[in-house]
Amino acid sequence: MTGRPPYLYRALRAATLTAVMTAMAASARADGNMRIVSTAFTHEGAIPSLYTCEGKDVSPPISWSEVPPGTKSLALIVDDPDAPDPAAPKMTWVHWVLYNLPPMSDGLPESVKPLPAGTKEGINDWKRTGYGGPCPPIGRHRYFHKLYALDTVLPDLKQPTKAKLEEAMKGHILSEARLMGTYQKTK
């Protein structure tokens with residue numbers, strides 16, 4: 001740091017932070033301008049234990065914006081492609097399946113209950129509806145929160161699995177946004 005004014009380092013740090021935040025926001029968008037974010041964790045950041053099996057296992061606050069025109073409903077799938085071991089993944093574990101979220105909604109609060117009017121639930125890999133938080137048996141896992149803007153309101157799919165919901169969404173996806181958080185057990 002010798003020979004250079006301290007304000008130069010502050011300016012460089014500020015510019016670096018701005019670039020990182022811009023890159024994070026851009027990578028949280030998979031398609032179009034639709035965005036999904038959480039006030040609980042950043043894209044690619046650690047999910048706080050409150051939202052996991054080591055905490056209260058409640059759903060994190062999630063918000064979205066820039067839903068495209070013509071959207072009739074939204075769907076949300078939260079899954080972990082690193083199960084059971086990120087070093088040798090064998091399956092994708094599904095944590096939450098929601099569909100027919102109203103397009104005028106702008107998110108879900110922490111520990112959401114009740115769900116927005118008209119929202120339907122699917123079955124997660126614990127064979128139940130609702131949110132099931134991260135609970136990885138080994139290593140640090142990635143948890144993808146995938147929001148889909150659909151050009152239709154889906155029929156009642158009778159608590160579908162992720163695969164059945166994805167099949168029903170085929171040909172109806174206008175835009176997709178992703179938020180990825182990570183978690184590793186501390187105990």
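Is there a residue in region 18-38 that is at pLDDT 95 or above, at negative phi and among the β-branched types (Val, Ile, Thr)?
There is at least one residue in region 18-38 that is at pLDDT 95 or above, at negative phi and among the β-branched types (Val, Ile, Thr).
Against the definition (modelled with pLDDT of 95 or more and under 19 Å from Ser49 (Cβ atoms)), how does Tyr131 come out, yes or no?
Details: modelled with pLDDT of 95 or more: yes; under 19 Å from Ser49 (Cβ atoms): yes.
It is true that Tyr131 is modelled with pLDDT of 95 or more and under 19 Å from Ser49 (Cβ atoms).
Please go through region 54-107 and pick out each residue that is part of a loop (DSSP other than H, G, I, E, B) and on the phi > 0 side of the Ramachandran plot.
Start the filter on region 54-107 by keeping residues that are part of a loop (DSSP other than H, G, I, E, B), which leaves 54-61, 66-72, 84-90, 102-106.
Selection gives Asp57, Glu66, Gly70.
Go through (1) of a type outside the set (Phe, Trp, Tyr); (2) part of a loop (DSSP other than H, G, I, E, B); (3) surrounded by fewer than 17 Cβ atoms within 10 Å (Cβ to Cβ) one by one and return the number of the condition Pro134 breaks.
(3)
For the structure I just gave you, tell me whether Arg140 is surrounded by fewer than 19 Cβ atoms within 10 Å (Cβ to Cβ), under 23 Å from Ala40 (Cα atoms), modelled with pLDDT of 95 or more and basic (Lys, Arg).
Against the criterion (surrounded by fewer than 19 Cβ atoms within 10 Å (Cβ to Cβ), under 23 Å from Ala40 (Cα atoms), modelled with pLDDT of 95 or more and basic (Lys, Arg)), Arg140 qualifies.
With the structure loaded, tell me whether Leu157 is touching a residue at least 60 places away in the same chain (Cβ under 8 Å) and either more than 23 Å from Asp106 (Cα to Cα) or not small (Gly, Ala, Ser) (or both) or whether it fails that test.
So Leu157 does not fit the description; no.
Taking region 143-163, which residues are part of a helix (DSSP H, G or I) and in contact with a Leu (Cβ under 6 Å, 6 or more places away or on another chain)?
In the first step, residues of region 143-163 are kept if they are part of a helix (DSSP H, G or I); the result is 162-163.
Residues satisfying the conditions do not exist here.
The values are calculated or read from the model by the stated rules, or taken from the named source; none is laboratory data. What you see is a predicted model, and the numbers here were worked out from it, not measured in a lab. FYI the Cβ positions are ideal-geometry reconstructions off the backbone, even for glycines, and counts take in every protein chain you see.
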